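The values are calculated or read from the model by the stated rules, or taken from the named source; none is laboratory data. Fair warning: this is a prediction, and the values are worked out from it, not measured in the lab. Every residue, glycine among them, receives a Cβ derived from its backbone with ideal geometry; neighbour counts consider all protein chains shown.
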Amino acid sequence: MPVDPEEGLITDLMLGMMVVFGADIIALVGFMWLSGKASTAAFVGVTGLIVGVFAAWIAWRWKEIRRLRSTSRTALDELKYQYAAGNVSEAEFERKLDRLIETDDAVAAKIDTTDDGEIDIDDLDLAVDR
């Protein structure tokens, strides 16, 4: 299932599945537990399993959204991020910004991330030189 970051972390499908299946099954087992037809362990186990599955689904979407967003930064986006984080001085920011503005294709250039998701500020120079 492809992830669209514009949908947000929790989609309508996820909410529907949680209400239709998750909450109904938890309520059914809860009523069985209250009437003595299911043990406490069964109720806790089913509830934990359902909540765990939906939590894992949300965690997977969060990871995929972060991965998609981090690999699609433009050189300009990365420069702004580095400046906001305090990793680049104002003079260096302005110098690199001027270089990006002068080079039309540099604004559209995407910066590749490393395996750990980090982007080296020196990669901006490579993107501008393209």
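Quick look at the numbers
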{"item": "Residue match in segment 26-36 (condition: assigned to a helix (DSSP H, G or I), over 24 Å from the mean Cα position of the chain (by Cα), small (Gly, Ala, Ser) and at pLDDT 95 or above)", "result": "yes"}
{"item": "Residue within segment 48-57 that is hydrophobic (A, V, I, L, M, F, W, C) and more than 30 Å from residue 2 (Cβ to Cβ) present", "result": "no"}
{"item": "Counted residues, segment 17-36 - those being of a type in the set (Val, Ile, Thr) and surrounded by 15 or more Cβ atoms within 10 Å (Cβ to Cβ)", "result": "2"}
{"item": "Cβ-Cβ under 6 Å pairs, at least 6 apart or on other chains, segment 75-90 side under 14 Å from residue 101 (Cα atoms), far side of a type outside the set (A, V, I, L, M)", "result": "79/96"}
{"item": "Residue list for segment 1-22, restricted to those being among the hydrophobic types (A, V, I, L, M, F, W, C), assigned to a helix (DSSP H, G or I) and either outside the structural domain of residue 43 (by TED's automatic domain parsing) or in contact with a Phe, Trp or Tyr (Cβ under 7 Å, 6 or more places away or on another chain) (or both)", "result": "14, 18"}
{"item": "Any hit, segment 50-67, residues being over 30 Å from residue 82 (Cβ atoms) and touching a Phe, Trp or Tyr at 6+ places or on another chain (Cβ under 9 Å)", "result": "yes"}
{"item": "Residue 65 being among the aliphatic types (A, V, I, L, M) and in contact with a Pro (Cβ under 8 Å, 6 or more places away or on another chain)", "result": "yes"}
{"item": "Leading residue by the ranking (surrounded by the most Cβ atoms within 10 Å (Cβ to Cβ)) among those in segment 76-90 that are outside any loop (DSSP other than H, G, I, E, B) and of a type outside the set (Ser, Thr, Tyr)", "result": "79"}
{"item": "Any chance residue 101 is within 22 Å of the chain's Cα centre (by Cα) and either at pLDDT below 90 or surrounded by fewer than 14 Cβ atoms within 10 Å (Cβ to Cβ) (or both)", "result": "no"}
{"item": "Residue check, residue 41 modelled with pLDDT of 85 or more, loosely packed, with under 11 Cβ neighbours inside 10 Å, within 28 Å of residue 11 (Cα to Cα) and hydrophobic (A, V, I, L, M, F, W, C)", "result": "no"}
{"item": "Of residues in segment 1-25 being farther than 15 Å from residue 55 by Cα and of a type in the set (Val, Ile, Thr), the one nearest to the chain's Cα centre (by Cα)", "result": "3"}
